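See structure below.
The values are calculated or read from the model by the stated rules, or taken from the named source; none is laboratory data. As the structure is a prediction and not an experimental result, all values here were calculated from the model. Backbone-built Cβ (ideal geometry, glycine too); neighbour counts: all protein chains shown.
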Amino acid sequence: MEELSYRLAVRDALAEEMERDPHVVLFGEDVRIGGVFNATPDLFERFGPDRVIDTPISELGFVGAAFGAAVAGLRPVVEIMFADFLPLVLDTLGNQATKYWYVSHGQSSVPLTIRTTVGAGGRFGAIHSQMPTGILLGLSGLKVAAPSNPRDAKLLLKAAIRDANPVVVFEHKLLYGQKALVEDDVGDGGVEPQAAVLKEGRDVTIVAASAMVSVALGAADVLAAEGIEAEIVDLRWLRPLDVATVIGSVERTRRLVVVEEGPPVGGYAAEVIAATAEAIEGVAVRRMTMPDIPIPFSGVLEDAALPDANSVAGCASALVGSPRPV
């Protein structure tokens, strides 16, 4: 076990899978020199130009090439520098790669992984800060991972690379410097899309993913000072959603707050709340999202748009202060 940053956990996952399977190749802009967030250093020197491939600035072009390579038997990992550019590849991803197994009657798989940097808070402005969850949730045949810590960054990326069909992995730019202990053999077995209960509590369940998990944990500390016990659930995967773990928690607490970085329409918060409300009659629910606006360039406005520990705690506290659902 060693302490790894999130970015080096990503690098190690790639290196281990490329070592394990010669069919794994890496595509992307500037991946030879580590990428703009320095998540792929030393891979070119280790695996060479046939397996670490710098591409032109054409997401549609190199994702199309990766789709063809996957169909032909390779296991491409594509880096899209900013998730804001995912709409450029939606025909290849949503109209071809995610449907190929279905339309071939299970005869052909598309083992394609797309890594992409997401999220606000880094002062990158409206066109480089999105969390494009809603764009992807409606694509049948796709998995979406959203690791919130270095261990999961390694574990879920390795799982994505080994998957027989397309997976998009969200890497939040604010998490790349986060450090934690990571087991040497993490991800060497199978992994199912499953949420994790990070903290147990009896009064309210707070569900989050990616960088919002640390916000939820911070809110739990604020609530604890008020005598309120919050249970924190890290979704880890946005598609498929592990609704069963959420429901198990909410059956105990009877209250649910879902925290999402992104607009209120069409995201995972709406899906988690809908599934929970359908399963548990009378449960009290709230969601904390960003306003339905582009990410502001102003740092003050960007911070104001993001959920934080105090706003989440305030939402949960108000829910706990209302009559407990029966």
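A few points about this structure:
- Every residue from segment 113-135 that is surrounded by 23 or more Cβ atoms within 10 Å (Cβ to Cβ) and either in the same structural domain as LEU238 (by TED's automatic domain parsing) or farther than 22 Å from GLY34 by Cβ (or both): ALA120, GLN130, MET131, THR133
- Test: residue in segment 280-288 that is under 19 Å from the mean Cα position of the chain (by Cα) and assigned to a helix (DSSP H, G or I): no
- First in segment 30-49 and within 21 Å of GLY122 (Cα to Cα) and free of Cβ contacts under 8 Å to residues at least 24 places away in the same chain, second anywhere and buried (at least 16 other Cβ atoms within 10 Å of the Cβ) and of a type in the set (Val, Ile, Thr), Cβ under 8 Å, 6 or more apart: GLY34/THR40
- Cβ-Cβ under 9 Å pairs, at least 6 apart or on other chains, segment 228-255 side in the same structural domain as ALA146 (by TED's automatic domain parsing), far side of a type outside the set (Asp, Glu) and assigned to a helix (DSSP H, G or I): none
- Looking only at residues of segment 216-253 that are more than 14 Å from GLY314 (Cβ to Cβ) and among the acidic types (Asp, Glu), we find that the one that is surrounded by the fewest Cβ atoms within 10 Å (Cβ to Cβ) is GLU251.
- Condition check for ALA69: among the hydrophobic types (A, V, I, L, M, F, W, C), assigned to a loop (DSSP other than H, G, I, E, B) and either surrounded by 19 or more Cβ atoms within 10 Å (Cβ to Cβ) or under 19 Å from the mean Cα position of the chain (by Cα) (or both): no
- If the condition is being assigned to a loop (DSSP other than H, G, I, E, B), of a type in the set (S, T, N, Q) and touching a strand residue (DSSP E or B) at 6+ places or on another chain (Cβ under 6 Å), then segment 4-61 contributes only THR55.
- Scanning segment 198-215 for residues that are touching a strand residue (DSSP E or B) at 6+ places or on another chain (Cβ under 6 Å) and either farther than 18 Å from ALA180 by Cα or of a type in the set (Phe, Trp, Tyr) (or both), we see that the one that is surrounded by the fewest Cβ atoms within 10 Å (Cβ to Cβ) is GLU200.
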